[in-house]
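Each remark here refers to the structure printed beneath this line.
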Amino acid sequence: MSLNRKFIPIVVTIVLFLVMFAAGSFRYTGFFSLQVLMNLLIDNAFLLITAVGMSFVILSGGIDLSVGSIIALSTMVSASLVQQQGWPPAVVIPLVLLMGALFGTIMGAIIHYFTIQPFIVTLAGMFLARGLCYVISIDTITIDNSFYTAIAQTRIPLPGGSFLSISAVIALVAVAVAIFTAHYTRFGRNVYALGGNEQSALLMGLPVARTKVLVYTLSGLCSALAGVVFTFYMLSGYGLHAVGFELDTIAAVVIGGTLLTGGVGYVLGTFFGVLIQGVIQTIISFEGTLSSWWTKIVIGLLLFIFILLQRVLSSRRLTLKE
Amino acid sequence: MSQLVKHHLFWPLCVLAVLLLFNLCYSPDFFSITVHDGHLYGSLIDILNFGAPLILVAIGMTLVVATKGIDLSVGSIVAISGAIACLSISKASDQNALGLILTSVLLAAGLSLMLGVWNGLLVSGAGIQPIIATLILMVAGRGIAQLVTGGQIITVTSSKYAYIGSGSFAALPFSIFVVALILVIAVLLTRKTALGLFIESVGCNPAASSMSGIRARWVILSVYVFCGLCAGIAGLLLSSNVSSADGNNAGLWYELDAILAVVIGGTSLNGGRFYLTGTVIGALIIQTLTTTIYMIGVPPEITLVVKACVVLAVCLIQSDTFRAAMAARWKSRHYPAEKEVTRHVS
């Protein structure tokens with residue numbers, strides 16, 4: 001049985017991850033352990049959650065540049081409400097999630113009802129959210145609320161002496177929910193149809209408007225959730241948190257094999273796309289002499305290779321059809 | 001009169017005029033220009049001087065947008081170009097040698113040209129969407145700039161290099177002349193030759209232009225190369241103005257400001273037509289806005305919020321659907337019976 005062509009990108013991604021992990025294990029002692037693998041999840045929990053939301057946006061044929069700013073805004077709002085106003089976290093966290101979702105809804109509505117490119121609307125959203133952070137405060141607000149510190153320090157023990165953080169568990173749950181939503185619900189199929197061809201989706205009678213707005217709502221919600229997780233990770237709110245994060249997120253989705261024109265891809269691929277970025281960072285930190293900017297260069301290079309791969313695969317598919 | 005209102009420069013100029021007028025009311029000495037040692041000083045000169053890099057980047061961006069593309073990597077090219085120039089100057093023993101400055105400048109310009117070629121090849125050769133193709137250099141480029149500077153801020157002590165960004169020529173900042181030169185070249189090439197028509201035609205429909213004998217790929221490649229070069233020169237201006245190169249922060253958010261300037265100037269993001277003078281005014285509006293916000297004592301952090309609202313407003317006005325919706329509202333409000341009448345007639 002030959003491999004279905006549509007699985008090639010995701011298989012390439014998973015193989016790449018395994019090869020990189022194996023290479024790291026051969027080169028560095030102590031690399032090959034369950035804990036290193038778990039650390040990938042712990043350190044990239046917020047990237048994972050954001051990338052899941054972004055996957056839906058890209059699958060629907062759009063793009064969301066505001067995710068990094070919404071993360072920063074979420075950390076900032078949480079920090080200022082919890083720390084400066086003394087609100088209980090049980091109120092603040094749902095409020096922040098609601099805010100993120102609402103932000104996404106508004107952007108989605110503008111994109112759909114006024115037919116402006118998603119790129120430019122989310123760009124404005126990016127400016128706006130980042131600016132609102134600075135309106136709250138231009139300094140870092142450190143959080144020492146007992147709830148936040150407790151969550152940040154909790155270690156969920158796993159067999160073999162390794163552990164996971166609560167954030168990582170949230171991220172894994174988010175991925176599981178997203179996989180279910182994308183492949184087993186009506187909404188998920190609508191997203192794929194929308195990304196495949198909006199005109200056809202409309203003619204088929206699919207709720208294009210609702211789906212499109214919901215996709216951006218979902219992305220906003222995921223970014224806000226990622227912001228909450230980021231607050232657990234950094235224990236602070238700061239307007240410069242997660243600068244340039246939208247690009248990491250898009251890179252994760254693309255490396256995960258999702259076609260940027262929409263309609264083709266898997267949430268699971270995004271999961272591995274995030275893990276690949278994590279492995280690059282881990283290898284660089286194990287290497288010790290290499291500096292963090294190599295991460296950016298390598299991720300850029302990977303992005304390039306994967307986009308070229310997509311190009312080649314999609315053009316081959318086109319010629320096959322003809 | 002209606003022709004005047006319909007002119008593409010009318011609204012941008014109005015906004016600029018309102019901004020300047022506001023400044024005049026707020027601080028009466030806004031327009032005062034004083035002369036010190038044969039140099040002109042004043043807020044207006046500052047706006048021109050500090051706005052010069054943005055205008056340059058925006059000019060390059062205009063042509064890219066005209067072909068229905070976008071270049072997100074300009075901020076990174078700005079950082080790389082400044083970093084390379086400062087690195088090659090800082091390594092020399094005599095930092096004031098004219099030959100050294102010239103080679104450094106040429107090196108930086110050449111490199112940014114190459115980066116433009118890279119972008120152009122990805123878009124026209126490999127056929128990747130412009131947002132994504134230039135995203136690669138946006139991510140990796142900042143890494144490259146940090147690699148060049150070693151993550152540090154490279155400072156140079158060269159009065160000759162500093163002249164590019166902060167020197168004056170004929171009592172005006174030298175940077176203005178650099179911008180004027182590029183602008184004139186761009187305007188002459190696009191409006192006095194067929195090149196502008198080719199660019200607009202490729203922006204409308206690349207396939208149709210190819211069939212009518214225009215080498216669409218070469219046109220696309222060349223606009224990205226030009227955009228890269230403009231960003232590179234902007235990087236030189238920026239780094240020479242502060243005599244240092246910062247791989248992390250130089251040119252941060254520049255792509256967004258440049259796109260904003262292009263859109264304010266009346267060039268549609270859907271490609272097909274472009275207004276270079278509109279872009280220049282758009283860039284001036286952004287710079288004036290920033291200066292105004294600094295001057296009236298509002299925390300400069302608000303700038304981003306204001307810019308976001310401006311982007312959104314400009315895009316909404318450009319959107320046909322939005323205008324139609326507004327027009328319909330306006331009509332129904334004034335002639336409430338009109339709908340009923342048409343219903344009966346039909």
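The values are calculated or read from the model by the stated rules, or taken from the named source; none is laboratory data. As the structure is a computational prediction, the values presented were derived from the model and not from experiment. FYI the Cβ positions are ideal-geometry reconstructions off the backbone, even for glycines, and counts take in every protein chain you see.
Of the conditions (1) surrounded by fewer than 19 Cβ atoms within 10 Å (Cβ to Cβ); (2) in a helix (DSSP H, G or I), B:N119 fails just one. Which one is it?
The single condition B:N119 does not satisfy is (1).
Can B:G271 be described as touching a residue at least 60 places away in the same chain (Cβ under 8 Å), touching a Pro at 6+ places or on another chain (Cβ under 9 Å), outside any helix (DSSP H, G or I) and closer than 28 Å to A:G108 by Cα? It would help to see each step written out before you state the result.
Numbers: touching a residue at least 60 places away in the same chain (Cβ under 8 Å): yes; touching a Pro at 6+ places or on another chain (Cβ under 9 Å): no; outside any helix (DSSP H, G or I): yes; closer than 28 Å to A:G108 by Cα: yes.
Taking the combined requirement at face value, the residue does not satisfy it.
Go through (1) more than 10 Å from chain B (Cβ to nearest Cβ); (2) buried (at least 19 other Cβ atoms within 10 Å of the Cβ); (3) in a helix (DSSP H, G or I) and name the single condition A:L313 misses.
(2)
Which ranges mark the helices (runs of 4 or more DSSP H) fully within region A:142-215 that have 1 or more residues being at positive phi and not small (G, A, S)?
Where helices (runs of 4 or more DSSP H) fall fully within region A:142-215, none carries at least 1 residues being at positive phi and not small (G, A, S).
Determine which single condition B:V179 fails, assuming it passes every other condition in (1) within 11 Å of chain A (Cβ to nearest Cβ); (2) within 20 Å of B:L113 (Cβ to Cβ); (3) not polar (S, T, N, Q).
Of the numbered conditions (1) within 11 Å of chain A (Cβ to nearest Cβ); (2) within 20 Å of B:L113 (Cβ to Cβ); (3) not polar (S, T, N, Q), the odd one out for B:V179 is (1).
Just a yes or no: is a residue in region A:76-88 out of contact with any strand residue (DSSP E or B) (no Cβ under 8 Å at 6 or more places or on another chain), buried (at least 23 other Cβ atoms within 10 Å of the Cβ) and under 14 Å from A:L218 (Cα atoms)?
no
Take the conditions part of a helix (DSSP H, G or I) and away from chain B (no Cβ under 14 Å) and apply them to A:T249. Does it pass?
no
Looking at region B:293-305, which of the residues that are more than 9 Å from every other protein chain (Cβ to nearest Cβ) and hydrophobic (A, V, I, L, M, F, W, C) is nearest to B:G266 (Cα to Cα)?
The extreme case among them is B:I293.
Please work out which one of (1) at pLDDT 80 or above; (2) more than 14 Å from the chain's Cα centre (by Cα) is the condition B:T303 fails and give its number.
Single failed check for B:T303: (1).
Listed residues A:G24, A:G61; which is of a type in the set (G, A, S), surrounded by fewer than 24 Cβ atoms within 10 Å (Cβ to Cβ), under 25 Å from A:L260 (Cα atoms) and in contact (Cβ under 8 Å) with a residue 40 or more places away in the chain?
Values: A:G24 fails: under 25 Å from A:L260 (Cα atoms).
Among A:G24, A:G61, only A:G61 is of a type in the set (G, A, S), surrounded by fewer than 24 Cβ atoms within 10 Å (Cβ to Cβ), under 25 Å from A:L260 (Cα atoms) and in contact (Cβ under 8 Å) with a residue 40 or more places away in the chain.
What number of residues within region A:27-53 satisfy the criterion of being of a type in the set (S, T, Y) and surrounded by 19 or more Cβ atoms within 10 Å (Cβ to Cβ)?
1
Out of the residues in region B:306-327 meeting the condition of being facing chain A (nearest Cβ under 7 Å) and closer than 13 Å to A:T115 by Cα, tell me which one is surrounded by the fewest Cβ atoms within 10 Å (Cβ to Cβ).
So the residue we want is B:T321.
Confirm whether A:A242 is small (G, A, S), in contact with a helix residue (DSSP H, G or I) (Cβ under 7 Å, 6 or more places away or on another chain) and modelled with pLDDT of 90 or more.
Judged against the criteria, A:A242 is not a match.
Let's see how each residue does on (1) at the interface with another protein chain (Cβ under 10 Å from one of its Cβ atoms); (2) in contact with a strand residue (DSSP E or B) (Cβ under 6 Å, 6 or more places away or on another chain); (3) without any contact (Cβ under 8 Å) to a residue 24 or more places away in the chain:
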position: A:V92; (1), (2), (3): no, no, yes
position: A:V121; (1), (2), (3): yes, no, yes
position: A:D144; (1), (2), (3): no, no, no
position: A:V169; (1), (2), (3): no, no, yes
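For region A:282-291, check the following and say yes or no: at least one residue is surrounded by fewer than 23 Cβ atoms within 10 Å (Cβ to Cβ), within 14 Å of chain B (Cβ to nearest Cβ), at negative phi and touching a Phe, Trp or Tyr at 6+ places or on another chain (Cβ under 7 Å).
Within region A:282-291, one or more residues are surrounded by fewer than 23 Cβ atoms within 10 Å (Cβ to Cβ), within 14 Å of chain B (Cβ to nearest Cβ), at negative phi and touching a Phe, Trp or Tyr at 6+ places or on another chain (Cβ under 7 Å).
Looking at A:R155, is it out of contact with any Leu (no Cβ under 9 Å at 6 or more places or on another chain), among the basic types (K, R) and loosely packed, with under 15 Cβ neighbours inside 10 Å?
Details: out of contact with any Leu (no Cβ under 9 Å at 6 or more places or on another chain): no; among the basic types (K, R): yes; loosely packed, with under 15 Cβ neighbours inside 10 Å: yes.
For A:R155, the condition - out of contact with any Leu (no Cβ under 9 Å at 6 or more places or on another chain), among the basic types (K, R) and loosely packed, with under 15 Cβ neighbours inside 10 Å - is not met.
What are the residue pairs meeting all of these: first residue in region B:65-82, first residue without any contact (Cβ under 8 Å) to a residue 40 or more places away in the chain, second residue assigned to a helix (DSSP H, G or I), Cβ atoms under 7 Å, and 6 or more apart or on different chains?
none
Could you tell me which residue of region B:136-154 is nearest to the other protein chains (Cβ to nearest Cβ), considering only residues that are closer than 13 Å to B:V74 by Cα and at pLDDT 85 or above?
B:A140
From the list B:G151, B:G165, which residue is assigned to a helix (DSSP H, G or I) and either buried (at least 18 other Cβ atoms within 10 Å of the Cβ) or touching a residue at least 24 places away in the same chain (Cβ under 8 Å) (or both)?
Only one candidate passes the filter, namely B:G165.
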